[in-house]
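Each reported figure results from applying straightforward, stated rules to the coordinates on display, with no laboratory input. Everything numeric here is computed off the predicted structure, so don't read it as measured data. We place every Cβ from the backbone using ideal geometry, glycine too, and count neighbours over all the protein chains shown.
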Amino acid sequence: MIHNFSRYLLTIIIIALGNYSYAVSKPNIIIILADDLGYADLGVHGCKDIHTPHIDSIAKNGIRCTNAYASSPICSPSRAGLLAGRYQQRFGHEFNPLVAENNSPLFSAQDGTLPRMLKNAGYKTGMVGKWHLGTNEKFNPINQGFDEYFGFLGNANSYTDGKTINSNLVRGTKHVDEKEYLTDAFGREAVAFVDKQKKDPFFLYLAFNAVHAPLQASPKHDIDIDRIPNPNRRTYASMLFAMDDAIGKLLAKLEKENLLENTLIFFTSDNGGSETVNFSDNGHLKGTASTTWEGGIRVPFLVQWKSVLPKGKIYDHPVIHLDILPTVLAATEDKFSHKNKLDGINLLPYFNGENKEPPHEALYWRFGAQMAIRMGDWKLTKALDEDSKFNRADKASADGSRLYNLKKDIGETNNMSDSNPEKVKALTEAWNQWNKELLKPTWGQEKPKDK
């Protein structure tokens with residue numbers, strides 16, 4: 001009897017000590033970024049023709065944010081904001097850089113970026129995938145806080161033939177040839193990074209170019225797509241299957257190495273789906289990538305940290321990519337200094353229910369002539385569509401913008417500006433004040449030349 005009780009007590013002590021050492025260890029950090037993913041193309045968002053079980057599992061084991069946003073409707077500015085935790089217009093990164101310009105104001109900003117901060121905090125840092133933040137060697141990820149890099153530096157790349165579209169595939173700074181389907185190769189490299197760094201806290205930034213154009217099907221992931229009538233949609237489905245499979249292999253590796261419980265994982269997209277280009281589906285949302293309609297800026301946002309965050313929770317208050325950096329820094333429990341105030345908010349107390357208030361009073365967008373502000377359920381926007389009377393290169397202004405109540409009208413079909421002039425005035429004033437704090441775009445807003 002005494003012997004059994006002693007064994008029981010010893011077991012309790014071991015478990016307690018194990019939990020203590022586990023609780024004080026730094027979490028691993030993984031950010032998984034899709035490219036031009038349609039909002040309605042995930043199973044957890046109701047997709048019926050494409051199955052995404054591994055991506056869906058992140059939501060089922062963590063938090064699914066229903067009102068999440070990218071800070072830009074296009075690739076490069078969105079990625080810059082994510083890594084800075086600040087609106088990218090604060091340092092001039094409003095548009096995609098031209099290849100000829102070959103630079104990124106992100107890295108001349110006074111603040112540090114997430115990879116540098118985590119590297120300085122003792123993390124092993126690695127990136128796999130699409131960079132799109134400058135192609136000169138000084139802007140290469142390994143010169144910007146990442147210990148390892150495998151991917152391409154530009155905007156797009158071939159998936160199937162090893163050829164490059166606008167930048168070479170590199171390991172570090174050295175060109176490499178790749179024979180495997182590119183999404184599969186990125187999954188392979190992500191698993192290899194975890195295997196190499198599994199004994200130390202690590203940060204992995206896995207930035208797929210899937211499901212961005214060009215439309216090139218995976219040779220291994222054409223199962224169960226014959227039932228999709230549109231051949232382009234079938235190709236898109238194959239590309240998304242490949243990404244989901246690669247994410248599944250990464251999750252399986254974490255589980256095999258007993259790392260899954262203490263790994264903080266984010267899954268999101270750089271912007272909304274470019275429906276007419278890659279045949280993605282934004283569902284009930286109006287607009288596509290490159291617009292400040294909901295279809296251009298609202299994105300999937302799934303967060304899993306099994307040892308800390310609730311399982312299967314739906315979070316409805318608006319959040320944004322900018323929140324990822326301060327949330328990660330808070331999770332490490334290190335002290336970080338910022339020369340400039342972050343625009344993002346640490347979401348952990350909101351996800352855990354400690355703070356019931358919305359994280360943000362308002363969220364803002366400026367993209368050339370387009371603008372938007374969301375405050376509570378209300379959104380004021382001026383966005384490109386068939387009725388637009390302004391030029392893409394014009395400066396943004398709230399004059400003539402439209403007002404929507406997103407809680408009642410997620411599709412932005414009922415312009416309520418005439419019946420709510422005070423709401424229009426309040427949102428306009430807030431956006432104008434924010435706009436005064438921003439820099440002019442570093443590039444990309446020149447007026448079209450007269451023919």
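Run down the aspartates and glutamates and flag those whose C-alpha is under 13 Å from the C-alpha of K339, throwing out any fewer than 8 positions away in its chain.
K339 reaches D111.
Between D49 and H175, what is the FRET efficiency for a Förster distance of 41 Å, r being their Cβ-Cβ separation, to the nearest 0.05? Kindly include the intermediate steps, with their values, before the conclusion.
Details: r = 38 Å, r/R0 = 0.92.
Result of the calculation: an efficiency of 0.60.
Rounded to whole Hz and in sequence order, give me ³J(HN,Hα) for the stretch 304-318 from the Karplus expression 6.51 cos²θ - 1.76 cosθ + 1.60, θ = phi - 60°, writing x for Gly and Pro.
10, 8, 4, 7, 10, 8, x, 9, x, 8, 9, 10, 9, 6, x
What does the extension gain come out to for I314 and E422, with contour length at 0.36 nm per residue minus their alpha carbon separation? It would help to have the intermediate numbers written out before the result.
Numbers: separation 108, 0.36 × 108 = 38.88 nm, distance 3.18 nm.
So the chain would gain 35.7 nm between I314 and E422.
Quick one: order I30, I297 by neighbouring beta-carbon count within 10 Å, fewest to most. Intermediate results must be reported in sequence, preceding the final value.
On the way: I30 26, I297 33.
Lowest count first: I30, I297.
Give the average over all directions of the projected area of the C-alpha convex hull of the stretch 320-423, one decimal, in nm².
Values: hull surface 36.3 nm².
Over all viewing directions, the stretch 320-423 projects a mean Cα-hull area of 9.1 nm².
Arrange the following residues from fewest to most other Cβ atoms within 10 Å of their Cβ: S76, S57.
Listing S76, S57 from fewest to most nearby Cβ atoms yields S57, S76.
What pairs from K130/K179; K60/K425; K60/K130; K163/K256; K26/K379 go past 29 Å between their alpha carbons? Each step should come with its number before you reach the end.
Values: K130/K179 17 Å; K60/K425 40 Å; K60/K130 27 Å; K163/K256 34 Å; K26/K379 38 Å.
Long pairs (Cα-Cα over 29 Å): K60/K425; K163/K256; K26/K379.
Which three semi-axes in whole Å describe the equivalent ellipsoid of the stretch 129-264, each the square root of 5 times a Cα gyration tensor eigenvalue, listed largest first?
On the way: eigenvalues 130, 92, 23 Å².
Square roots of five times the eigenvalues give 26, 21, 11 Å.
Starting from 0 in steps of 20 Å, tell me what percent of the Cα-Cα pairs of the chain lands in each bin.
In whole percents, the pair-distance histogram is 25, 58, 15, 2, 0.
Once the piece of chain linking D377 and L439 is laid out straight, how much longer is it, given 0.36 nm per residue of separation minus the C-alpha distance between them?
Numbers: separation 62, 0.36 × 62 = 22.32 nm, distance 2.80 nm.
Once the chain is fully extended between D377 and L439, it gains 19.5 nm.
What angle do you read, to the nearest 10 degrees and between 0 and 90, between the alpha-carbon axis of helix 421-436 and the longest principal axis of the chain?
So the helix axis and the longest Cα principal axis differ by about 70 degrees.
Give or take rounding to whole Å, what are the principal axis extents of the alpha carbon atoms in the stretch 182-244, in descending order?
Cα spread of the stretch 182-244 along its principal axes, largest to smallest: 47, 20, 14 Å.
For every helix of n ≥ 4 consecutive DSSP H residues, a contribution of -39,500 (n - 2.57) applies; sum these over the chain, divide by its total residues, and give [θ] at 222 nm rounded to the nearest 500 deg cm²/dmol.
Details: 11 runs with 127 residues, N = 451.
Helices in the chain give a 222 nm mean residue ellipticity of -8500 deg cm²/dmol.
Assuming R0 = 45 Å, can you tell me the calculated FRET efficiency for the pair L259 and D409, based on Cβ-Cβ distance, to the nearest 0.05?
Working: r = 43 Å, r/R0 = 0.95.
Efficiency, rounded to the nearest 0.05: 0.55.
When the gyration tensor of the stretch 30-106 is built from Cα positions, what are the square roots of 5 times its three eigenvalues, in whole Å, from largest to smallest? Write down the numbers at each step before the final one.
Working: eigenvalues 173, 38, 22 Å².
Computed over the stretch 30-106, the values are 29, 14, 10 Å.
Once all Cα-Cα distances of the stretch 217-352 are split into 10 Å bins that start at 0, what whole-number percent is in each one?
P(r) for the stretch 217-352, in whole percents per bin: 10, 29, 33, 22, 5, 0.
Mind listing the long-range amide H neighbours of Y315? Cut-off is under 5 Å, sequence gap 5 or more, other chains count too, H placed in the peptide plane at 1.01 Å from N.
Amide H neighbours of Y315, under 5 Å, 5+ apart: R64, C65, T66.
Among DSSP beta bridges whose residues both lie in the chain, state the antiparallel percentage, nearest 5. Present the calculation step by step, with values, prior to reporting the outcome.
On the way: 27 of 55 bridges.
Counting only bridges with both partners in the chain, antiparallel ones make up about 50 percent.
Residue by residue, what Karplus-based ³J(HN,Hα) values in Hz, rounded to whole numbers, does the stretch 258-269 have, using 6.51, -1.76 and 1.60 with θ = phi - 60° and x for Gly and Pro?
Working through the residues one at a time gives 6, 10, 5, 4, 10, 10, 8, 10, 10, 10, 7, 10 Hz.
What angle, in degrees between 0 and 90 and rounded to the nearest 10, separates the Cα long axis of helix 182-197 from the longest principal axis of the Cα atoms of the chain?
The angle comes out at about 40 degrees.
How high is the relative contact order of the stretch 363-436? Use alpha-carbon pairs under 8 Å, at least six apart in sequence, and give a whole percent.
29 percent
Going by C-beta contacts inside 10 Å, put V424, V303 in order with the fewest on the left. Could the numbers behind the result be given before it?
Numbers: V424 19, V303 27.
By the 10 Å Cβ count, ascending: V424, V303.
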